[in-house]
Amino acid sequence: MFTGIIEEVGVVKRVEKKGEVITLTILAEKISSSLELGGSIAVDGVCLTVVEISPPLFKVDVSRPTQLTTTLGKVFPGRRVNLERPLTLDKPLGGHFVTGHVDGKGKILKKGGGKEFPLEISYPETLFPYLVVKGSIAVDGVSLTIQKLEKDRFSTHIIPHTAENTILGEKRVGEEVNLEVDFLARYLKKWWEEEKKKKDFEEMLKNW
């Protein structure tokens, strides 16, 4: 579990392909020494397992399904990535609960200029039921607030701190991003669907 508050922007130093799996060697000056072998870390919002540590470098494996469903399938040496360690009990929850299980990829459609700017991002239509204006969404692991919502896109606003301390300030129009909806929305939708089934069943019994 993560919070969507990025701790460091790392740099992919090496990409090794081993069969269906690719291993990423990432440079992280600040947090690499505090990582645990076998522990989790969010890389651009994707929860991965740390398989080797040699500060300031660490390695993670990316499975074939993850390569296909996230932007990590097109990662290359020199690419900068958002990094966040898992949430601990003594860590403030500054963003929202993020699982690191990406729901789909979006694409940047519009990006404003300046130190702070609006960002318009497309999303898979299957995610629409889980999105709401003023609700939360993780974009490349960054906890953001949805300001405007349409059937195929949403808008958010990037403040100077976020632009400077995450890779979102570097993203260009046309680039893909990892998206994860607020997992609480998933539970609420499931609860509503189950309640609707109960009501429909009760109504059927009344008319039996």
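Brief remarks follow.
- Qualifying residue in segment 97-105 (condition: over 23 Å from LYS190 (Cβ atoms), assigned to a strand (DSSP E or B), of a type in the set (A, V, I, L, M) and under 18 Å from the mean Cα position of the chain (by Cα)): no
- Scan of segment 13-26 for residues that are among the hydrophobic types (A, V, I, L, M, F, W, C) and surrounded by fewer than 19 Cβ atoms within 10 Å (Cβ to Cβ), ordered by number: VAL15, VAL21
Conditions tested, residue by residue: (1) in contact (Cβ under 8 Å) with a residue 60 or more places away in the chain; (2) surrounded by fewer than 21 Cβ atoms within 10 Å (Cβ to Cβ); (3) on the phi > 0 side of the Ramachandran plot.
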position: ALA28; (1), (2), (3): no, no, no
position: ILE31; (1), (2), (3): no, yes, no
position: LEU37; (1), (2), (3): no, yes, no
position: GLY45; (1), (2), (3): yes, no, yes
position: VAL51; (1), (2), (3): no, yes, no
position: PRO55; (1), (2), (3): no, yes, no
position: GLN67; (1), (2), (3): no, yes, no
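- Qualifying residue in segment 132-150 (condition: in a helix (DSSP H, G or I), of a type in the set (A, V, I, L, M, F, W, C) and either crowded, with 18+ Cβ neighbours inside 10 Å or in contact with an Asp or Glu (Cβ under 8 Å, 6 or more places away or on another chain) (or both)): no
- Residue match in segment 157-172 (condition: surrounded by 14 or more Cβ atoms within 10 Å (Cβ to Cβ), out of contact with any Pro (no Cβ under 8 Å at 6 or more places or on another chain) and acidic (Asp, Glu)): no
- Pair list, Cβ < 6 Å and 6+ apart or interchain, from segment 112-133 residues that are within 23 Å of ILE167 (Cα to Cα) to residues that are polar (S, T, N, Q): PRO118/SER155; LEU119/THR156; GLU120/SER155
- Only one entry in LYS91, LYS115 is charged (D, E, K, R), assigned to a loop (DSSP other than H, G, I, E, B), closer than 19 Å to SER143 by Cβ and not assigned by TED's automatic domain parsing to the domain that holds LEU37, namely LYS91.
- Scanning segment 69-92 for residues that are hydrophobic (A, V, I, L, M, F, W, C) and surrounded by fewer than 12 Cβ atoms within 10 Å (Cβ to Cβ), we see that the one that is farthest from the chain's Cα centre (by Cα) is LEU89.
The values are calculated or read from the model by the stated rules, or taken from the named source; none is laboratory data. The structure presented is a predicted model; accordingly, all values stated were derived computationally and were not measured. In this analysis, Cβ positions are derived from the backbone assuming ideal geometry, glycine residues included, and neighbour counts consider all displayed protein chains.
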